[in-house]
Amino acid sequence: MSGLGRDTPLPQHLKVKTSRVLYTTDEEVRDALMEFGVFIIFLVLTSLVTLSVRHPHMFYFNDTMMKLFTTRNLTVVPSVTVSFEKMLTVPDWWDYLVYNFINTLHGDMTSSTSTSPRSKSVNEAKTDRSSFKSSEDILYVEDGDVERNDESSRRKRETGPALPYGEIDEIDRDENLDGLDLDLDLSAHHLNGRLFLHENLMLGPPRLRQIRVSKNSCQTDGNFPQNFNTCYAAYSNAAEENSEWHKGTRYRTMRELGATPILTLLAYYRSGGYTVDLTYDKDENLQSINKLKSVNWLDRGSRLCLVEFNMFNDNKDIFQSVKLIAEIPPTGGVIPQAHLRTVKEYSFFTDLSLTMTVVYIFWYIMVFYYTICEINAFCKSGWRAYFTSLMNILDNIVLVLCYLALFYNIWHTFKMKSITSKAYTQQHYQSIDVLCLSNLIYVDMMAILAFLVWIKIFKFISFNKTLIQFTTTLRKCSKDLIGFSIMFGIVFLAYAQLGLLLFGTEHPDFNNFVTSVLTMIRMILGDFQYTLIQQSNRVLGPIYFLTYIVLVFFILLNMFLAIIMQTYNSVKNEITQGRSQLASYVIKKLAGAFYWITHCGRARRFRSARPPPAFNEADQNSTATELKQPKLLRRSMTTEEARYFQNIPPDVQNRELFRLTNRVSLIEEVLEQLVTNIDSILQRFERQQGVRKT
């Protein structure tokens, strides 16, 4: 700053990064608009990139599989209905596999092309067709549809349009390839898989897996030795059984199976288990399941049984992992659950869309640009001053997530090459659990990235005091909210634990502590089931509900709103920000652009200010000297006050009138601040008077 109170503009390479953009001078407005324009480009590119990780067809893919294998009810006989969601016992799980899962899977499964010699292909085709000729596949579906394997349906499957390849015309003449755009280059592809719903290729046949606990993994009561001489605990790493064989099935570790941990309602299973590989043949699968059922494969030591298979949809280039889980608690029974995950085949580097490829390239150009900017800001500010700013921390988190996304897409590209190459050479079950888990973490990371980039817009909204009231209010009432949150949390957790103890055995919304806490939040929003609370405890239930509503909803919640409203009103009255030059700068630039258009590209010229005719030559010389050598202002004048008197635009004709206007504006702002702070001044004066009297 010069001795006259005038700001000396700093060079661009010496400016330090700030957490809030200012619009007080034309230079600041120009820099802010350039920074905001670059950020808007980055925001648009980030939104496109993050939205590309999900596809609308993923939902329909999962929804179809969910309806087929979980919500679909099949009636074997008029009085017996088999459904996944209605399973209660282990026999229900076996009935579901035999009557529902196998029929749903093989009822919509067809065989694909083969690369074997002609004679072998003919035999395989006959074997494949014979697997669909069972007369036991008649199902009475609840919605009125009937699936029959009668002679007409078999004839329809065995006859179809001829393929345009003379050498294999007599081999594959069934309907399983009708309407599909398959790659039939048999010399290049060695795939002998199956197609589900005529659209999805199964990556190997399904697989059954069981996780068990060891015998005598807990202590038994000595009073009942004649009834229970063994004890099986709940699942844990210490109680898990990992012997080599269990009733003819071999134990395999999680790494050998290519599996990932499974999170269920009761436990977190970090194990492989005993596996049984099924086949593509329906009769063989029925025999395998019935054999496992007859040897009591699932017994008291079983804690988790699941059937899993993977598919690939070539129309939308989507991989899907399906896991149908039957969790067996130590108390007996079955808890059905389903885990479905979808993954896109293509990454940033292999995307078939040219538009998205260009978007990815420009997005990472912007990422590298912001990386250089952050490095420069760190070098200028120093690590201590740099990391004290919340906005700098936010920018670094965004950049870290961007680079993690780059590393994931590199890994995704090589992983997909490995999976697709194995699909053409291997016939057994192929696991994609690692890919699905990594993609789940990647999608969550991209969601957080999009959220943080949108939050950064608050940095650029300081040009209007109405727009910055939100952030200023939260910043000023943060201490009060922290203190209130402690008090609110104590009451909240106390009611959550009380509800767990009172209703946890009967009410489903209080079955564990986490669910109880979430139920408390739902009750604040009006989502609760009072009838179940009253039925769980007829005496303490109504008392619990009424006291919670009165204390939390009517008192604590209104205290929370009162803290925010009081701070908001004070912030609204106290914000006296300097005049923003954004509107005048934009209007001036638009006017200049309009003049340039209307005057055929000629630049606008400002007329020089002429002295009034009443001035003589001596007055003009004195005025010019005064303007060239302005008066020395008072020493206590701030930078903002000095700008009112020294920063005179070159297009101002009457400089004295401009200075007088600035003086009046300064007096108005001082008076406004005085009126705003008069209450605090009076309170301080009264406190001082009270101290003197005492």
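The values are calculated or read from the model by the stated rules, or taken from the named source; none is laboratory data. Computed from a predicted model, the values in this text were never measured in an experiment. A quick note on method: Cβ atoms are made from the backbone with ideal geometry, for glycine too, and the neighbour counts reach across all protein chains shown. When the accessible area is computed, the model is the full protein with side chains, heavy atoms only, and any ligands, DNA or RNA have been set aside. Shrake-Rupley method; radii C 1.70, N 1.55, O 1.52, S 1.80 Å.
Can you give the accessible area of Phe484 in Å² (nearest 10), computed on protein heavy atoms with a 1.4 Å probe? About 20 Å², rounded to the nearest 10.
Sorted from greatest to least, the principal axis extents spanned by the alpha carbons of region 278-364 come out as 60, 33, 14 Å. Divided by 2.2 N^0.38 Å, where N counts the residues, the Cα radius of gyration of region 196-351 comes to 1.21. Accessible surface of Phe554, taken over heavy atoms with a 1.4 Å probe and every protein chain present, rounds to 120 Å². With 22 Å as the limit on Cα-Cα distance, the pairs of Lys316/Lys415; Lys86/Lys293; Lys476/Lys572; Lys344/Lys415; Lys380/Lys479 that go past it are Lys380/Lys479.
In order along region 669-675, the phi-based Karplus estimate (6.51 cos²θ - 1.76 cosθ + 1.60, θ = phi - 60°) of 3J(HN,Hα) comes to 5, 5, 5, 5, 5, 5, 5 Hz; Gly and Pro are listed as x. Using a simple spin-label model with pseudo-atoms 7 Å out from Cα toward Cβ, His339 and Asp31 lie 5.2 nm apart. Provide the FRET efficiency to the nearest 0.05 for the Ile667-Val491 pair, computing r from the beta carbons and using R0 = 60 Å. Approximately 0.70, to the nearest 0.05.
In units of the compact-protein estimate 2.2 N^0.38 Å, region 435-522 shows a Cα radius of gyration of 1.64.
Under 5 Å from the amide H of Glu240 lie the amide H atoms of Ser214, each residue being 5 or more positions distant or on a separate chain, with H modelled from the backbone and absent for Pro and chain starts.
Dimensions of region 312-362 from C-alpha coordinates, computed as largest minus smallest value along each principal axis and given longest first, are 57, 23, 11 Å.
Rg/Rh for region 491-538 (Cα atoms only, Rh after Kirkwood) is 0.92. For Ile549 and Val38, the FRET efficiency from 1/(1 + (r/R0)^6), where r spans their Cβ atoms and R0 equals 60 Å, is about 0.75. Spin-label pair His57-Leu352: with each label point 7 Å from Cα along the Cα-Cβ axis, the two points sit 0.8 nm from one another.
For Trp411 and Glu244, the FRET efficiency from 1/(1 + (r/R0)^6), where r spans their Cβ atoms and R0 equals 30 Å, is about 0.35. Accessible area per residue (1.4 Å probe, heavy atoms of protein chains only) ranks Lys344, Lys247 as Lys247, Lys344, with the largest value leading. With a/c under 1.5 counting as rounded, go ahead and sort region 244-315 into rounded, prolate or oblate using the C-alpha gyration tensor (a ≥ b ≥ c being the square roots of the eigenvalues; past the cut-off, prolate if a/b is larger than b/c, else oblate). The shape class here is oblate.
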